[in-house]
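What follows is a set of notes on a single structure, which appears directly below.
None of the figures in this text is laboratory data; all of them are computed from the coordinates on show. Predicted model, so just to flag it, every value in this text is computed and none were measured. Ideal geometry is used to build each Cβ from the backbone, glycine not excepted, and the neighbour counts take in all protein chains shown.
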Amino acid sequence: MAAENNNRTASDVNSIEEGVSFSNITAVATGWMSDFMFLSLCRRFKESKRDEFNETLSAFQTIQKLSPKRNEKAKICDFLARVMHGKLLDVQFEDDASVMPLMSAARLWSDLKNTVADESLFKNVAILLIVQSVAVCLEKGERSSASSALRWFENNLELPQGLRVKLSKIVAQAETYHPFLMSFSFSRLLETVQSYLDAYLEENPSDYLLKAASKMVQSSHKTEGLEDEGPRDSSLSKKASDVTEDRKKGNTTCHRPKRKLLSTINTDVWKPDTCKKRHFSLRRISSNASELSQMTENSPDTKKAQKTRKPPQKWTSQLDKYLKDGVKRHGQGKWSRILMDYDFEGRTGTMLKDRWRVLTRAHEVG
């Protein structure tokens, strides 16, 4: 049977090759694989999983080598790679070592203008790339690199005059957490680029292979479920037949009355006052149960467990300082990011929010 299937598959392949050029088939299949890896790359970018992103990018680039020409999706992937590594100043994407990842991303972004339907979104990403190229350098304490980045933008890309003046003042004063930099943050850059990807994928769906694979997985799960139910049904039917068989044997071989099935040997001698004793023993069990409950409540282990509950700790001046610095750096409402930067001794984002309200009412913060 297996040999017959193999022969049939081989004949099907031969008939396909005779009707269509295999190189054309390869090109179509390569396109499907490339689209799938592009979708996977966009997903890894959205999840901010850098290691998985790098692995997927490597696979995508390998598939792209099979394609005779470079398409715009390859450029988008190169752009995403630079944004993903935007805060790693030692990562180099161009021959010029002074060109940092976000600077290189800004150059690629200008080439992708025709892929952006929303003009305002294109301008927002361009501004965010310029601002963050400077902000990342200041965060790392690289003031000279921030100045070099500004000069590079002046010489290589279009830099609005107002933005240049604003950033020059910030760099001169080394204001790492300037409100302007906070409003054009790196997280906002990621969110805006994600909006671009969502719009692009809606206009250019690349999900043929994804849908085909999803259907295959769903059908395989259904098949596995049926296979699991098969043996179970057969075992149940076998048990049912065995029970029926036993009943038939019982009816033919044994006709004793039901009372005869009980034991006829009386091992204990019945006494008239047995019921009273049982009634008395039940009362003792009840009283013992209450005593046991009292003993459990008063036991040293229980008291120890009650004492080990920690009372809520008070907010210290140091914790308030952490909170103020975190809001200054990330902005009000970014409690999860603030929790990542400072140790708040097990407090949650909701607790930070409540404390900030207390400080606001006390006029300790603006």
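Per-peptide packing, taken as the mean over residues of other Cβ atoms within 10 Å, places 107-116, 345-354 in the sequence 107-116, 345-354 from highest down. For segment 317-361, the Kirkwood estimate of hydrodynamic radius, built from reciprocal distances between every pair of different alpha carbons, is 10.2 Å. Say R0 is 45 Å: what FRET efficiency, to the nearest 0.05, do Leu201 and Glu154 get from their beta-carbon distance? With a Förster radius of 45 Å, E is 0.85. Enumerate the residues in segment 26-59 having an amide nitrogen under 15 Å from the point lying 7 Å beyond the Cα of Ser336 toward its Cβ. Correct set: 46-49. Extension gain, Lys324 to Arg355: 0.36 nm times the residue separation minus the Cα-Cα distance gives 10.1 nm.
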